[in-house]
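The values are calculated or read from the model by the stated rules, or taken from the named source; none is laboratory data. Small disclaimer: the values here were computed from a predicted structure and weren't measured. Counting neighbours? That spans all protein chains shown, and the Cβs are built from the backbone with ideal geometry, glycine included. Remember, those area values only see protein heavy atoms, side chains included, never the ligands or the DNA or RNA. Shrake-Rupley method; radii C 1.70, N 1.55, O 1.52, S 1.80 Å.
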Amino acid sequence: MLVQELDLAGGPVRIRPAGDAAVLVELGDGVDPAVHRRVMALWRTLVERPLPGMIEAVPAYRSVLVTWDPRVTDGARIRAALERRLREAVDGRGPRRRGRQVTIPVIYGGSYGPDLEAVAERVGLSPDEVVRRHAAGRYVVYMLGFLPGFVYLGGLDPALAVPRRASPRLEVPAGSVAIGGSQTGIYGLGGAPGGWHVIGRTWVTLWDAGRRRPATLRPGDRVRFVAASPEQAPPGWQEAAGEPRATMPAA
């Protein structure tokens, strides 16, 4: 299969082969909100009305991977169906539904966010100002990946952008909220390595393989962080997370 280029509203779209039963639909270049809206428009129409023989559609920053069952269909039919669906999606006839609004409580700093002070020093702000700006952001889930439930969020204040750690941690706890480059994200699965700067942690479970939908967040969801204290965590969470139990100060 060859690379197919379509001239559609909003810019060209390329369909590239990705193995013998998959294609990668590229809807733009770079990490950009306008490109992401095109990605979401195509992905949602494929989820709501899958193509005949399609197995899965997986969104990323600027593309959607479409896989199919070769016993049911073939690349030529998938490409033809995709072209029709692309014209619907990017011309505004696809689903326009917005993602859910989700609020995530975060305990910033201390043992929950061991890199907060280093990030503050790197960007020339106080730790409190880093927290204020991070919690003031309005984020969009661009994609999930790297680890089960790892959430890549767009919308970070440019003043908080820092390069990844020079030396990645071997293990990062589940729920860790971190900054890597110009993005922020959340580690959904604990015990895995990570090179982003951890500035806080949430008690919200973002990945549970025992649920019908293991991932709590989905591409296109809108996320808002709220600064929280350890005392606000659900009973038993701190002990399960390996942190000393917080107690309310004496009156």
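Determine whether segment 65-72 contains at least one residue that is among the aliphatic types (A, V, I, L, M), modelled with pLDDT of 95 or more and under 22 Å from Asp221 (Cα atoms). Checked segment 65-72: at least one residue is among the aliphatic types (A, V, I, L, M), modelled with pLDDT of 95 or more and under 22 Å from Asp221 (Cα atoms). Within segment 203-225, residues that are farther than 15 Å from Ser176 by Cβ and of a type in the set (Gly, Ala, Ser) have Cβ atoms under 8 Å from residues that are in a loop (DSSP other than H, G, I, E, B) and open to solvent by less than 40 Å² (accessible area, probe 1.4 Å) in these pairs: Ala215/Gly149; Ala215/Gly188; Ala215/Leu206; Gly220/Gly99, counting only partners at least 6 apart in sequence or on another chain. For segment 103-161, a tally of residues being open to solvent by 20 Å² or more (accessible area, probe 1.4 Å), closer than 13 Å to Val226 by Cα, out of contact with any Gly (no Cβ under 8 Å at 6 or more places or on another chain) and not charged (D, E, K, R) returns 4. For segment 9-68, a residue qualifies if it is buried (at least 19 other Cβ atoms within 10 Å of the Cβ), part of a loop (DSSP other than H, G, I, E, B) and of a type outside the set (A, V, I, L, M, F, W, C), and the qualifying residues are Gly28, Tyr61, Arg62.
For first residues located in segment 5-29 and free of Cβ contacts under 8 Å to residues at least 12 places away in the same chain, partners that are open to solvent by less than 50 Å² (accessible area, probe 1.4 Å) and hydrophobic (A, V, I, L, M, F, W, C) and lie 6+ apart or on another chain with Cβ distances below 7 Å form the pairs Pro12/Leu6.
A residue that is modelled with pLDDT of 95 or more, open to solvent by less than 70 Å² (accessible area, probe 1.4 Å), more than 22 Å from Arg122 (Cα to Cα) and of a type outside the set (Phe, Trp, Tyr) occurs nowhere in segment 182-201.
Here segment 202-233 is the region considered, the condition is being of a type in the set (Ser, Thr, Tyr) and surrounded by 16 or more Cβ atoms within 10 Å (Cβ to Cβ), and the residue that is modelled with the lowest pLDDT is Thr216.
Right, Arg79: assigned to a strand (DSSP E or B), of a type outside the set (A, V, I, L, M) and open to solvent by 20 Å² or more (accessible area, probe 1.4 Å) or not? For Arg79, the condition - assigned to a strand (DSSP E or B), of a type outside the set (A, V, I, L, M) and open to solvent by 20 Å² or more (accessible area, probe 1.4 Å) - is not met. When restricted to residues that are in contact with a Leu (Cβ under 8 Å, 6 or more places away or on another chain) and under 25 Å from Ser111 (Cα atoms), segment 218-238 contains 1.
Across segment 211-244, the number of residues qualifying as of a type in the set (Phe, Trp, Tyr) and either over 28 Å from Asp32 (Cβ atoms) or in a helix (DSSP H, G or I) (or both) comes to 1.
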